[in-house]
Amino acid sequence: MDGIVCKGISKTYDGRNYALKGVSLSFPSRGIIALIGRNGAGKTTLVRILATQLMPSGGKAYINGVDVVKEPARVRDMIAIVPQEARAIPWLSPYQTVFSYLLYRGFGYGEARKRVKEALRKLGLGHQENKLNRMLSGGTKRKVMVATVLSSGAKVIFLDEPTTGLDPISRADLWNLLNALKKEYLIFLTTHYLEEAEHLADRIGIIEEGRLLAIGSMDELRKKVGHQYSIRVTQATRPKAFAGMRTTKIDGGHQLMTSERKAFEITNRLVRERVRFSTNPISLEDIFYHFARRQITEENGEGEEW
Amino acid sequence: MVRKNIASQLWASVLVNAVYAMENYPIMLINTLLAPLSIFVIIVLVSHGGLLSVGIVGALVMTMITAGVGLQGDLSHLKNDMKLQDMVVSSPTSSLVYVAGMGLSELVFASPVIILLAVLATVYVHPTLMQTVTIMGVMALTFVFSIVLGFILSTLTTDVVQSWGFSGAVGVVLSTLPPVYYPISYIPMPFQYIAYISPTTYAAQIAQSAIGFTSVPAANLAVDWGVLIAVCAALVVLAIKKARWREP
(Lines give C-alpha, C1' and ligand atoms only; values in the text may rest on other atoms or scores of the structure.)
Protein backbone atom coordinates (compact mmCIF):
# COMPACT_ATOMS: atom_id res chain seq x y z
CA MET A 1 0.00 0.00 0.00
CA ASP A 2 1.25 3.49 -0.84
CA GLY A 3 1.73 6.04 1.91
CA ILE A 4 2.54 5.38 5.55
CA VAL A 5 1.27 2.42 7.54
CA CYS A 6 2.10 1.78 11.21
CA LYS A 7 0.89 -1.33 12.99
CA GLY A 8 1.31 -1.40 16.75
CA ILE A 9 4.59 0.53 16.86
CA SER A 10 6.09 0.69 20.33
CA LYS A 11 9.36 1.97 21.71
CA THR A 12 10.97 1.47 25.08
CA TYR A 13 14.53 2.24 26.09
CA ASP A 14 14.58 0.35 29.38
CA GLY A 15 11.90 -2.31 28.96
CA ARG A 16 9.59 -0.63 31.49
CA ASN A 17 8.82 2.90 30.36
CA TYR A 18 7.33 3.27 26.90
CA ALA A 19 7.91 6.29 24.66
CA LEU A 20 5.39 4.78 22.20
CA LYS A 21 2.69 2.26 23.01
CA GLY A 22 1.13 0.37 20.11
CA VAL A 23 0.72 3.23 17.63
CA SER A 24 -1.26 2.25 14.52
CA LEU A 25 -2.12 4.61 11.70
CA SER A 26 -2.27 4.80 7.94
CA PHE A 27 -2.10 7.70 5.53
CA PRO A 28 -2.24 7.82 1.72
CA SER A 29 0.59 8.93 -0.52
CA ARG A 30 -0.41 12.59 -0.89
CA GLY A 31 -1.40 15.28 1.60
CA ILE A 32 -0.39 16.37 5.07
CA ILE A 33 -0.71 14.29 8.21
CA ALA A 34 -0.04 16.19 11.43
CA LEU A 35 0.79 14.65 14.74
CA ILE A 36 -0.02 16.87 17.68
CA GLY A 37 0.84 16.41 21.30
CA ARG A 38 2.66 17.93 24.18
CA ASN A 39 6.45 17.93 24.54
CA GLY A 40 7.57 14.37 25.23
CA ALA A 41 4.31 12.85 23.95
CA GLY A 42 6.17 10.63 21.46
CA LYS A 43 5.86 12.63 18.23
CA THR A 44 9.57 12.81 17.46
CA THR A 45 10.10 9.17 18.49
CA LEU A 46 7.55 8.05 15.89
CA VAL A 47 9.06 10.30 13.23
CA ARG A 48 12.55 8.99 13.95
CA ILE A 49 11.35 5.40 13.67
CA LEU A 50 9.63 6.08 10.35
CA ALA A 51 12.67 7.99 9.09
CA THR A 52 14.89 4.94 9.85
CA GLN A 53 16.87 6.72 12.55
CA LEU A 54 15.59 4.67 15.46
CA MET A 55 14.65 1.01 15.83
CA PRO A 56 11.18 0.32 17.19
CA SER A 57 10.84 -2.11 20.09
CA GLY A 58 7.78 -3.68 18.53
CA GLY A 59 5.29 -3.40 15.69
CA LYS A 60 5.65 -2.86 11.97
CA ALA A 61 5.92 0.24 9.82
CA TYR A 62 5.84 0.58 6.06
CA ILE A 63 6.48 3.45 3.71
CA ASN A 64 5.00 2.92 0.25
CA GLY A 65 4.83 -0.76 1.13
CA VAL A 66 8.49 -1.07 2.15
CA ASP A 67 9.31 -2.32 5.65
CA VAL A 68 11.07 0.43 7.62
CA VAL A 69 12.90 -2.06 9.87
CA LYS A 70 13.90 -4.68 7.30
CA GLU A 71 14.69 -2.51 4.29
CA PRO A 72 15.94 0.85 5.56
CA ALA A 73 18.07 1.49 2.47
CA ARG A 74 15.03 1.30 0.17
CA VAL A 75 13.05 3.51 2.53
CA ARG A 76 15.84 6.09 2.59
CA ASP A 77 15.61 6.46 -1.17
CA MET A 78 11.98 7.55 -0.78
CA ILE A 79 12.12 9.85 2.25
CA ALA A 80 13.70 13.09 3.39
CA ILE A 81 13.55 14.76 6.78
CA VAL A 82 14.07 18.10 8.45
CA PRO A 83 14.64 17.01 12.05
CA GLN A 84 13.51 18.95 15.08
CA GLU A 85 16.09 21.68 15.86
CA ALA A 86 17.83 21.19 12.50
CA ARG A 87 19.68 24.36 11.58
CA ALA A 88 20.94 25.76 8.32
CA ILE A 89 24.74 25.51 8.69
CA PRO A 90 25.84 29.11 9.24
CA TRP A 91 28.97 29.00 7.08
CA LEU A 92 27.06 27.79 4.01
CA SER A 93 24.84 29.76 1.65
CA PRO A 94 21.35 28.49 0.75
CA TYR A 95 22.76 27.32 -2.59
CA GLN A 96 25.60 25.43 -0.91
CA THR A 97 23.23 23.94 1.69
CA VAL A 98 20.87 22.49 -0.88
CA PHE A 99 23.65 21.51 -3.28
CA SER A 100 25.64 19.55 -0.67
CA TYR A 101 22.47 17.81 0.52
CA LEU A 102 21.76 16.69 -3.04
CA LEU A 103 25.28 15.29 -3.31
CA TYR A 104 24.63 13.34 -0.09
CA ARG A 105 21.58 11.91 -1.82
CA GLY A 106 23.81 10.68 -4.61
CA PHE A 107 23.04 13.14 -7.40
CA GLY A 108 25.78 14.05 -9.84
CA TYR A 109 27.01 17.64 -10.08
CA GLY A 110 24.98 18.64 -13.15
CA GLU A 111 21.67 17.26 -11.91
CA ALA A 112 22.27 18.71 -8.43
CA ARG A 113 22.89 22.19 -9.89
CA LYS A 114 19.60 22.06 -11.82
CA ARG A 115 17.65 20.90 -8.79
CA VAL A 116 19.11 23.54 -6.48
CA LYS A 117 18.04 26.35 -8.78
CA GLU A 118 14.57 24.88 -9.13
CA ALA A 119 14.07 24.33 -5.38
CA LEU A 120 15.33 27.79 -4.41
CA ARG A 121 13.11 29.38 -7.05
CA LYS A 122 10.10 27.42 -5.81
CA LEU A 123 10.66 28.70 -2.30
CA GLY A 124 11.35 32.28 -3.38
CA LEU A 125 14.97 32.08 -2.23
CA GLY A 126 16.60 32.67 -5.60
CA HIS A 127 17.68 36.22 -4.79
CA GLN A 128 19.30 35.12 -1.52
CA GLU A 129 21.00 31.99 -2.75
CA ASN A 130 24.55 33.27 -2.22
CA LYS A 131 24.07 34.98 1.14
CA LEU A 132 25.49 33.09 4.09
CA ASN A 133 22.82 31.30 6.14
CA ARG A 134 23.91 33.15 9.25
CA MET A 135 22.79 36.42 7.61
CA LEU A 136 19.26 35.14 6.95
CA SER A 137 16.17 35.58 9.11
CA GLY A 138 14.84 32.64 11.12
CA GLY A 139 11.98 32.13 8.68
CA THR A 140 14.26 32.14 5.66
CA LYS A 141 16.60 29.63 7.32
CA ARG A 142 13.63 27.31 7.81
CA LYS A 143 12.73 27.74 4.16
CA VAL A 144 16.29 26.75 3.25
CA MET A 145 15.87 23.54 5.25
CA VAL A 146 12.56 22.83 3.53
CA ALA A 147 14.22 23.53 0.16
CA THR A 148 16.85 20.87 0.86
CA VAL A 149 14.28 18.12 1.31
CA LEU A 150 12.04 19.29 -1.53
CA SER A 151 14.95 19.34 -3.96
CA SER A 152 15.68 15.68 -3.25
CA GLY A 153 12.77 14.29 -5.22
CA ALA A 154 11.70 12.28 -2.16
CA LYS A 155 7.93 12.07 -2.10
CA VAL A 156 7.62 11.38 1.63
CA ILE A 157 8.80 14.28 3.71
CA PHE A 158 9.06 14.48 7.48
CA LEU A 159 9.01 17.90 9.08
CA ASP A 160 9.50 17.71 12.84
CA GLU A 161 8.13 20.90 14.40
CA PRO A 162 9.07 23.02 11.39
CA THR A 163 7.65 26.31 12.65
CA THR A 164 8.85 26.28 16.26
CA GLY A 165 10.33 29.65 17.09
CA LEU A 166 9.10 31.39 13.93
CA ASP A 167 7.31 34.73 14.02
CA PRO A 168 3.67 34.73 12.84
CA ILE A 169 4.47 36.08 9.36
CA SER A 170 7.21 33.54 8.69
CA ARG A 171 4.92 30.82 9.99
CA ALA A 172 2.12 31.92 7.67
CA ASP A 173 4.59 31.93 4.75
CA LEU A 174 5.61 28.40 5.52
CA TRP A 175 1.98 27.31 5.89
CA ASN A 176 1.17 28.69 2.45
CA LEU A 177 4.11 26.84 1.02
CA LEU A 178 3.18 23.53 2.64
CA ASN A 179 -0.43 23.93 1.54
CA ALA A 180 0.75 24.36 -2.03
CA LEU A 181 3.01 21.31 -1.80
CA LYS A 182 0.58 18.82 -0.38
CA LYS A 183 -0.83 17.90 -3.77
CA GLU A 184 2.54 16.46 -4.78
CA TYR A 185 3.97 15.11 -1.53
CA LEU A 186 3.13 13.12 1.56
CA ILE A 187 4.15 15.49 4.35
CA PHE A 188 4.33 14.05 7.84
CA LEU A 189 4.32 16.99 10.20
CA THR A 190 4.66 17.16 13.96
CA THR A 191 3.69 20.26 15.86
CA HIS A 192 2.45 21.45 19.18
CA TYR A 193 0.73 24.40 17.52
CA LEU A 194 -2.85 23.18 17.26
CA GLU A 195 -3.88 25.90 14.82
CA GLU A 196 -1.06 24.77 12.53
CA ALA A 197 -2.39 21.23 12.37
CA GLU A 198 -5.96 22.48 11.91
CA HIS A 199 -4.90 24.85 9.13
CA LEU A 200 -2.70 22.43 7.20
CA ALA A 201 -3.51 18.81 7.83
CA ASP A 202 -5.80 16.44 6.00
CA ARG A 203 -5.55 14.06 8.92
CA ILE A 204 -4.58 14.84 12.48
CA GLY A 205 -3.27 12.38 15.03
CA ILE A 206 -3.44 13.19 18.73
CA ILE A 207 -0.65 11.59 20.70
CA GLU A 208 -0.29 11.64 24.45
CA GLU A 209 2.15 9.71 26.61
CA GLY A 210 3.10 7.49 23.69
CA ARG A 211 -0.47 6.53 22.79
CA LEU A 212 -2.28 7.62 19.65
CA LEU A 213 -5.57 8.72 21.18
CA ALA A 214 -7.40 9.65 17.98
CA ILE A 215 -6.74 10.19 14.31
CA GLY A 216 -8.83 11.56 11.49
CA SER A 217 -9.86 14.66 9.59
CA MET A 218 -11.30 17.55 11.62
CA ASP A 219 -14.83 16.38 10.81
CA GLU A 220 -14.00 12.83 11.82
CA LEU A 221 -12.44 14.00 15.07
CA ARG A 222 -15.50 16.16 15.83
CA LYS A 223 -17.67 13.10 15.29
CA LYS A 224 -15.43 11.07 17.61
CA VAL A 225 -15.84 13.71 20.30
CA GLY A 226 -19.60 13.54 19.71
CA HIS A 227 -20.19 17.28 19.91
CA GLN A 228 -20.25 20.06 17.37
CA TYR A 229 -20.24 23.20 19.52
CA SER A 230 -18.31 24.56 22.45
CA ILE A 231 -19.86 27.10 24.83
CA ARG A 232 -17.52 28.89 27.18
CA VAL A 233 -18.36 31.17 30.09
CA THR A 234 -15.68 33.22 31.77
CA GLN A 235 -17.27 33.52 35.24
CA ALA A 236 -16.00 31.28 38.04
CA THR A 237 -19.48 30.23 39.23
CA ARG A 238 -21.22 27.60 37.15
CA PRO A 239 -24.28 29.08 35.37
CA LYS A 240 -27.71 27.50 35.96
CA ALA A 241 -27.99 26.90 32.21
CA PHE A 242 -25.28 24.23 32.57
CA ALA A 243 -27.16 22.39 35.35
CA GLY A 244 -27.06 18.61 34.98
CA MET A 245 -24.51 18.72 32.19
CA ARG A 246 -20.87 17.67 32.09
CA THR A 247 -18.60 20.69 31.92
CA THR A 248 -14.95 21.28 32.42
CA LYS A 249 -13.14 24.11 34.17
CA ILE A 250 -10.99 26.02 31.74
CA ASP A 251 -9.09 29.31 32.13
CA GLY A 252 -11.00 30.14 35.34
CA GLY A 253 -14.38 29.64 33.65
CA HIS A 254 -16.43 26.70 32.38
CA GLN A 255 -16.74 24.97 29.05
CA LEU A 256 -19.58 22.87 27.76
CA MET A 257 -19.46 20.86 24.55
CA THR A 258 -22.76 19.98 23.01
CA SER A 259 -24.78 19.36 19.85
CA GLU A 260 -25.89 22.12 17.48
CA ARG A 261 -29.56 21.89 18.62
CA LYS A 262 -28.75 21.96 22.34
CA ALA A 263 -26.25 24.78 21.84
CA PHE A 264 -29.11 26.97 20.61
CA GLU A 265 -31.26 26.21 23.68
CA ILE A 266 -28.42 26.65 26.17
CA THR A 267 -27.20 29.93 24.71
CA ASN A 268 -30.80 31.27 24.95
CA ARG A 269 -30.82 30.32 28.63
CA LEU A 270 -27.44 31.99 29.15
CA VAL A 271 -28.79 35.18 27.56
CA ARG A 272 -31.74 35.12 29.95
CA GLU A 273 -29.33 34.50 32.85
CA ARG A 274 -27.29 37.50 31.67
CA VAL A 275 -24.10 35.42 31.63
CA ARG A 276 -21.30 36.42 29.28
CA PHE A 277 -20.40 33.53 26.99
CA SER A 278 -18.90 32.62 23.66
CA THR A 279 -19.94 29.80 21.38
CA ASN A 280 -18.00 28.27 18.51
CA PRO A 281 -17.83 25.10 16.48
CA ILE A 282 -15.44 22.90 18.44
CA SER A 283 -11.85 23.55 17.54
CA LEU A 284 -8.88 21.25 17.44
CA GLU A 285 -7.92 22.69 20.82
CA ASP A 286 -11.25 21.46 22.25
CA ILE A 287 -10.75 18.08 20.63
CA PHE A 288 -7.18 17.84 21.88
CA TYR A 289 -8.16 18.69 25.44
CA HIS A 290 -11.07 16.28 25.22
CA PHE A 291 -8.85 13.33 24.38
CA ALA A 292 -5.79 14.39 26.37
CA ARG A 293 -7.78 15.00 29.55
CA ARG A 294 -9.74 11.82 29.15
CA GLN A 295 -6.44 9.99 28.87
CA ILE A 296 -5.16 11.57 32.07
CA THR A 297 -8.36 10.98 34.04
CA GLU A 298 -8.56 7.38 32.82
CA GLU A 299 -4.99 6.77 33.90
CA ASN A 300 -5.74 8.29 37.31
CA GLY A 301 -8.69 5.96 37.66
CA GLU A 302 -11.16 8.82 37.86
CA GLY A 303 -13.33 7.85 34.92
CA GLU A 304 -14.41 10.12 32.09
CA GLU A 305 -14.69 13.79 32.79
CA TRP A 306 -16.99 14.45 29.86
CA MET B 1 15.09 6.03 -7.97
CA VAL B 2 18.31 8.04 -8.15
CA ARG B 3 21.46 6.22 -9.18
CA LYS B 4 23.75 6.75 -6.20
CA ASN B 5 27.00 8.48 -6.98
CA ILE B 6 29.37 7.58 -4.13
CA ALA B 7 31.94 10.13 -5.29
CA SER B 8 29.25 12.82 -4.90
CA GLN B 9 28.36 11.55 -1.44
CA LEU B 10 32.03 11.63 -0.35
CA TRP B 11 32.51 15.06 -1.87
CA ALA B 12 29.45 16.44 -0.06
CA SER B 13 31.26 16.13 3.28
CA VAL B 14 34.40 17.67 1.84
CA LEU B 15 32.39 20.63 0.58
CA VAL B 16 30.44 21.15 3.82
CA ASN B 17 33.28 20.62 6.24
CA ALA B 18 36.31 21.93 4.37
CA VAL B 19 35.87 23.73 1.04
CA TYR B 20 32.86 25.90 1.93
CA ALA B 21 34.18 26.50 5.45
CA MET B 22 37.51 27.78 4.13
CA GLU B 23 35.84 29.68 1.27
CA ASN B 24 33.30 31.47 3.45
CA TYR B 25 35.36 31.76 6.64
CA PRO B 26 38.97 32.46 5.49
CA ILE B 27 40.05 32.72 9.14
CA MET B 28 39.69 28.92 9.27
CA LEU B 29 42.42 28.64 6.65
CA ILE B 30 44.77 30.82 8.70
CA ASN B 31 44.00 28.78 11.80
CA THR B 32 44.72 25.50 10.09
CA LEU B 33 48.10 26.85 9.02
CA LEU B 34 49.03 28.35 12.37
CA ALA B 35 48.08 25.53 14.75
CA PRO B 36 50.64 22.85 13.73
CA LEU B 37 53.30 25.39 12.75
CA SER B 38 53.36 27.27 16.07
CA ILE B 39 55.00 24.47 18.08
CA PHE B 40 57.31 23.73 15.16
CA VAL B 41 58.55 27.33 15.10
CA ILE B 42 59.12 27.36 18.90
CA ILE B 43 61.01 24.05 18.80
CA VAL B 44 63.23 25.26 15.93
CA LEU B 45 63.95 28.58 17.68
CA VAL B 46 64.70 27.02 21.09
CA SER B 47 67.00 24.41 19.51
CA HIS B 48 68.74 27.07 17.38
CA GLY B 49 67.78 25.09 14.30
CA GLY B 50 69.12 21.80 15.64
CA LEU B 51 65.67 20.21 15.59
CA LEU B 52 64.62 21.66 12.22
CA SER B 53 64.37 18.37 10.32
CA VAL B 54 62.72 16.46 13.15
CA GLY B 55 60.43 19.44 13.71
CA ILE B 56 59.24 19.35 10.07
CA VAL B 57 58.56 15.62 10.18
CA GLY B 58 56.96 16.01 13.63
CA ALA B 59 54.69 18.76 12.31
CA LEU B 60 53.59 16.47 9.46
CA VAL B 61 52.68 13.73 11.96
CA MET B 62 50.99 16.29 14.22
CA THR B 63 48.89 17.57 11.31
CA MET B 64 47.42 14.09 11.00
CA ILE B 65 46.62 14.04 14.73
CA THR B 66 45.01 17.46 14.49
CA ALA B 67 42.80 16.09 11.70
CA GLY B 68 41.43 13.39 14.02
CA VAL B 69 40.84 15.77 16.91
CA GLY B 70 39.18 18.16 14.46
CA LEU B 71 36.98 15.41 13.05
CA GLN B 72 35.69 14.56 16.51
CA GLY B 73 34.67 18.17 17.10
CA ASP B 74 33.21 18.63 13.61
CA LEU B 75 31.18 15.41 13.68
CA SER B 76 29.83 16.25 17.14
CA HIS B 77 28.91 19.78 16.06
CA LEU B 78 27.21 18.69 12.84
CA LYS B 79 25.38 15.87 14.64
CA ASN B 80 24.28 17.58 17.84
CA ASP B 81 23.93 21.25 16.90
CA MET B 82 23.06 21.21 13.19
CA LYS B 83 21.31 17.80 13.02
CA LEU B 84 23.02 17.26 9.67
CA GLN B 85 23.78 13.66 10.58
CA ASP B 86 20.08 12.92 11.15
CA MET B 87 19.30 14.31 7.70
CA VAL B 88 22.04 12.19 6.18
CA VAL B 89 20.95 9.02 8.04
CA SER B 90 17.52 9.37 6.40
CA SER B 91 19.13 9.64 2.97
CA PRO B 92 20.84 7.14 0.66
CA THR B 93 24.31 7.90 2.13
CA SER B 94 25.78 5.04 4.19
CA SER B 95 27.57 5.56 7.51
CA LEU B 96 30.87 4.42 6.01
CA VAL B 97 30.67 6.90 3.14
CA TYR B 98 29.68 9.72 5.50
CA VAL B 99 32.58 9.10 7.89
CA ALA B 100 35.04 8.54 5.04
CA GLY B 101 33.91 11.83 3.48
CA MET B 102 34.28 13.67 6.75
CA GLY B 103 37.74 12.17 7.22
CA LEU B 104 38.66 13.26 3.71
CA SER B 105 37.40 16.74 4.52
CA GLU B 106 39.85 16.97 7.41
CA LEU B 107 42.66 16.01 5.03
CA VAL B 108 41.55 18.67 2.54
CA PHE B 109 41.32 21.15 5.40
CA ALA B 110 44.89 20.29 6.39
CA SER B 111 46.20 20.32 2.82
CA PRO B 112 47.65 23.88 2.90
CA VAL B 113 49.85 23.07 5.88
CA ILE B 114 50.79 19.66 4.44
CA ILE B 115 51.90 21.33 1.22
CA LEU B 116 53.90 23.94 3.14
CA LEU B 117 55.59 21.29 5.30
CA ALA B 118 56.29 19.13 2.23
CA VAL B 119 58.07 22.07 0.64
CA LEU B 120 60.08 22.67 3.83
CA ALA B 121 60.92 18.95 4.00
CA THR B 122 62.13 18.98 0.40
CA VAL B 123 64.34 22.01 1.07
CA TYR B 124 65.73 21.14 4.51
CA VAL B 125 65.43 17.33 4.95
CA HIS B 126 66.15 16.18 1.37
CA PRO B 127 64.39 12.83 1.89
CA THR B 128 65.16 9.88 -0.38
CA LEU B 129 62.31 8.01 -2.04
CA MET B 130 62.45 5.33 0.67
CA GLN B 131 62.36 7.96 3.44
CA THR B 132 59.44 9.72 1.73
CA VAL B 133 57.49 6.49 1.45
CA THR B 134 58.17 5.66 5.12
CA ILE B 135 57.07 9.09 6.32
CA MET B 136 53.95 8.93 4.16
CA GLY B 137 53.17 5.47 5.57
CA VAL B 138 53.50 6.77 9.12
CA MET B 139 51.31 9.76 8.24
CA ALA B 140 48.69 7.49 6.69
CA LEU B 141 48.51 5.21 9.75
CA THR B 142 48.45 8.20 12.10
CA PHE B 143 45.66 9.71 10.04
CA VAL B 144 43.64 6.49 10.15
CA PHE B 145 43.88 5.97 13.91
CA SER B 146 43.27 9.62 14.77
CA ILE B 147 40.29 9.86 12.39
CA VAL B 148 38.75 6.62 13.64
CA LEU B 149 39.32 7.64 17.26
CA GLY B 150 37.72 11.01 16.48
CA PHE B 151 34.71 9.25 14.99
CA ILE B 152 34.32 6.87 17.97
CA LEU B 153 34.47 9.76 20.43
CA SER B 154 31.97 11.78 18.40
CA THR B 155 29.43 8.95 18.80
CA LEU B 156 29.73 9.33 22.58
CA THR B 157 29.06 13.06 22.71
CA THR B 158 25.64 14.60 23.06
CA ASP B 159 26.62 18.26 23.09
CA VAL B 160 29.43 20.58 22.17
CA VAL B 161 30.71 21.05 25.76
CA GLN B 162 31.24 17.29 26.10
CA SER B 163 32.97 17.40 22.74
CA TRP B 164 35.43 20.04 23.99
CA GLY B 165 36.19 17.80 26.96
CA PHE B 166 37.03 14.87 24.69
CA SER B 167 39.10 17.11 22.38
CA GLY B 168 41.16 18.31 25.35
CA ALA B 169 41.80 14.81 26.68
CA VAL B 170 42.63 13.38 23.25
CA GLY B 171 44.87 16.36 22.54
CA VAL B 172 46.95 15.62 25.67
CA VAL B 173 47.26 11.90 24.96
CA LEU B 174 47.99 12.21 21.26
CA SER B 175 49.94 15.43 20.99
CA THR B 176 51.25 16.69 24.36
CA LEU B 177 52.59 13.46 25.90
CA PRO B 178 54.40 12.03 22.86
CA PRO B 179 57.78 13.39 21.73
CA VAL B 180 56.73 14.37 18.23
CA TYR B 181 58.95 17.40 17.68
CA TYR B 182 62.00 16.02 19.52
CA PRO B 183 63.47 12.57 20.26
CA ILE B 184 62.14 10.52 23.16
CA SER B 185 65.61 10.52 24.74
CA TYR B 186 65.00 14.18 25.68
CA ILE B 187 62.39 12.99 28.21
CA PRO B 188 63.79 11.89 31.61
CA MET B 189 63.67 8.14 32.06
CA PRO B 190 60.68 7.30 34.24
CA PHE B 191 58.50 9.67 32.16
CA GLN B 192 59.42 8.00 28.87
CA TYR B 193 57.07 5.18 29.85
CA ILE B 194 54.17 7.66 30.00
CA ALA B 195 54.99 8.79 26.47
CA TYR B 196 54.65 5.19 25.29
CA ILE B 197 50.97 5.26 26.28
CA SER B 198 50.35 7.33 23.16
CA PRO B 199 50.42 5.67 19.72
CA THR B 200 51.80 8.94 18.35
CA THR B 201 55.10 8.16 20.10
CA TYR B 202 55.57 5.06 17.94
CA ALA B 203 54.72 7.05 14.80
CA ALA B 204 57.21 9.76 15.76
CA GLN B 205 59.96 7.22 16.46
CA ILE B 206 59.56 5.66 13.02
CA ALA B 207 59.54 9.06 11.31
CA GLN B 208 62.58 10.33 13.24
CA SER B 209 64.45 7.14 12.47
CA ALA B 210 63.48 7.31 8.80
CA ILE B 211 65.16 10.68 8.33
CA GLY B 212 68.23 9.46 10.24
CA PHE B 213 67.76 11.79 13.20
CA THR B 214 67.70 8.92 15.69
CA SER B 215 69.12 5.44 15.46
CA VAL B 216 66.54 2.85 16.38
CA PRO B 217 67.35 -0.91 16.29
CA ALA B 218 65.43 -2.83 13.61
CA ALA B 219 63.62 -4.90 16.25
CA ASN B 220 62.38 -1.75 17.98
CA LEU B 221 61.23 -0.32 14.65
CA ALA B 222 59.30 -3.50 13.96
CA VAL B 223 57.61 -3.12 17.34
CA ASP B 224 56.80 0.52 16.51
CA TRP B 225 55.17 -0.47 13.19
CA GLY B 226 53.39 -3.36 14.89
CA VAL B 227 51.92 -1.16 17.61
CA LEU B 228 50.83 1.43 15.09
CA ILE B 229 49.15 -1.11 12.81
CA ALA B 230 47.55 -2.93 15.78
CA VAL B 231 46.14 0.33 17.18
CA CYS B 232 44.70 1.20 13.75
CA ALA B 233 43.16 -2.26 13.32
CA ALA B 234 41.68 -2.29 16.84
CA LEU B 235 40.16 1.15 16.43
CA VAL B 236 38.72 0.30 13.00
CA VAL B 237 37.08 -2.85 14.43
CA LEU B 238 35.73 -0.84 17.36
CA ALA B 239 34.42 1.85 14.99
CA ILE B 240 32.66 -0.71 12.81
CA LYS B 241 30.94 -2.10 15.91
CA LYS B 242 30.18 1.38 17.17
CA ALA B 243 28.95 2.81 13.88
CA ARG B 244 25.24 2.27 14.21
CA TRP B 245 23.60 4.40 11.59
CA ARG B 246 20.26 3.69 13.24
CA GLU B 247 19.95 3.97 17.01
CA PRO B 248 18.86 0.80 18.80
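Quick notes on this structure:
- Filtered residue count, the stretch A:56-80, keeping only those that are in contact (Cβ under 8 Å) with a residue 60 or more places away in the chain and crowded, with 23+ Cβ neighbours inside 10 Å: 3
- For the stretch B:33-43, the criterion of being away from chain A (no Cβ under 14 Å) and surrounded by 22 or more Cβ atoms within 10 Å (Cβ to Cβ) is met by at least one residue.
- A single member of A:GLU85, A:GLU118 is at pLDDT below 95, at the interface with chain B (Cβ under 9 Å from one of its Cβ atoms) and surrounded by fewer than 16 Cβ atoms within 10 Å (Cβ to Cβ), and it is A:GLU85.
- Scan the stretch A:266-285 for residues that are within 19 Å of A:GLN235 (Cα to Cα) and touching a residue at least 40 places away in the same chain (Cβ under 8 Å) and the total you get is 6.
- Residue match in the stretch B:128-142 (condition: polar (S, T, N, Q), within 24 Å of A:ASP160 (Cβ to Cβ), out of contact with any Ser or Thr (no Cβ under 6 Å at 6 or more places or on another chain) and touching a residue at least 60 places away in the same chain (Cβ under 8 Å)): no
- Answer residue from the stretch B:16-29, given it is in contact with a Ser or Thr (Cβ under 9 Å, 6 or more places away or on another chain) and free of Cβ contacts under 8 Å to residues at least 40 places away in the same chain and is surrounded by the fewest Cβ atoms within 10 Å (Cβ to Cβ) among those: B:ASN24
- Check on A:ARG74, within 12 Å of chain B (Cβ to nearest Cβ), of a type in the set (D, E, K, R) and over 24 Å from the mean Cα position of the chain (by Cα): yes
- Spans of helices (runs of 4 or more DSSP H) in the stretch A:126-232 with at least 1 residues at positive phi: none
- Condition check for A:THR164: within 18 Å of the chain's Cα centre (by Cα), of a type in the set (Ser, Thr, Tyr) and within 14 Å of another protein chain (Cβ to nearest Cβ): yes
- Residues satisfying the stated conditions in the stretch A:88-107, i.e. over 26 Å from A:ASP2 (Cα atoms), more than 7 Å from chain B (Cβ to nearest Cβ), part of a helix (DSSP H, G or I) and not polar (S, T, N, Q): A:PRO94, A:TYR95, A:VAL98, A:PHE99
- Checking B:PRO190, B:PRO248 one by one, the residue that is surrounded by fewer than 16 Cβ atoms within 10 Å (Cβ to Cβ), modelled with pLDDT of 85 or more and more than 30 Å from A:PRO56 (Cα to Cα) is B:PRO190 and no other.
Residue-wise test of (1) more than 22 Å from the chain's Cα centre (by Cα); (2) more than 7 Å from chain A (Cβ to nearest Cβ); (3) among the aromatic types (Phe, Trp, Tyr); (4) farther than 22 Å from A:LYS131 by Cβ.
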| site | (1), (2), (3), (4) |
| --- | --- |
| B:ASN5 | yes, no, no, yes |
| B:VAL16 | no, no, no, no |
| B:VAL19 | no, yes, no, no |
| B:ILE27 | no, yes, no, no |
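The values are calculated or read from the model by the stated rules, or taken from the named source; none is laboratory data. In this text the structure is predicted, and so the values were computed from the model without any measurement. Cβ atoms come from the backbone with ideal geometry, glycine included; neighbour counts cover every protein chain shown.
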